[in-house]
Amino acid sequence: MYFDIPIQDDVMYLLQEIGHNCKVNNIPAKAIVNNTNNEYDDKRIISNEELKRGYYIEYNDLFFLVIDDIVDQRYKTYYKSKMRKCNYDVKFIVDGKLYQFPAIVQGEKFYINENKLMDMAADVISVTLPETDITKQLQREQCFIKFGQKWQIQGIDFSKNGLIILNCKITTSNEAKDDI
């Protein structure tokens, strides 16, 4: 036997010494956070606090969403994942109440239609939100205001557990409710 040092002690030591204070779904936690090299300012996170896809991480006064699917703890000691910065807040009216969510808003660059790659106009965005009891109530054709424009939900993607991805398009229709 070379070494018989439990990894749990090592992880706890690292979290204590170099971990950053953060909040995981509003619960105070310590986490080791590293940058990744990509265009979305994603970060890797290690914490002994439970992490799941769709959890909010409050780090450096910014909100992030956990975007990786996490199966369980590693070595029964810590959680490791990737998180993406929420770049905008989005407001929705659900059951007559106004809700605000930090969200990942992206302009769509392309899509495939009848086996052809087509450029998207600047009037289409995707909005990634955590899957909650409130966001599960969002429906197609529901509207919200962002960037001085009225956006209508054209489709809802539930394919990633813990996340809801709204495909939205600018609309001028006054039929649907919005947050004005």
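The values are calculated or read from the model by the stated rules, or taken from the named source; none is laboratory data. It should be emphasised that the depicted structure is a prediction, and the values quoted were computed from it without experimental measurement. Here Cβ is always computed from backbone atoms with ideal geometry, including for glycine, and neighbour counts include all displayed protein chains. Side chains included, ligands, DNA and RNA excluded: accessible areas come from the protein's heavy atoms. Shrake-Rupley method; radii C 1.70, N 1.55, O 1.52, S 1.80 Å.
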Item to check | Unmet criterion (only one of (1) modelled with pLDDT of 90 or more; (2) under 14 Å from the mean Cα position of the chain (by Cα); (3) not β-branched (Val, Ile, Thr)) for LEU98 | outcome: (2)
Checklist entry - What are the residue pairs meeting all of these: first residue in the stretch 129-146, first residue closer than 16 Å to LYS160 by Cα, second residue of a type in the set (Lys, Arg) and surrounded by fewer than 17 Cβ atoms within 10 Å (Cβ to Cβ), Cβ atoms under 8 Å, and 6 or more apart or on different chains? => result none
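Restricting the search to the stretch 138-155, which residues are outside any strand (DSSP E or B) and open to solvent by less than 70 Å² (accessible area, probe 1.4 Å)?
If we filter the stretch 138-155 for residues that are outside any strand (DSSP E or B), which is where we start, we get 138-142, 147-148.
Those that are outside any strand (DSSP E or B) and open to solvent by less than 70 Å² (accessible area, probe 1.4 Å): LEU138, GLN142.
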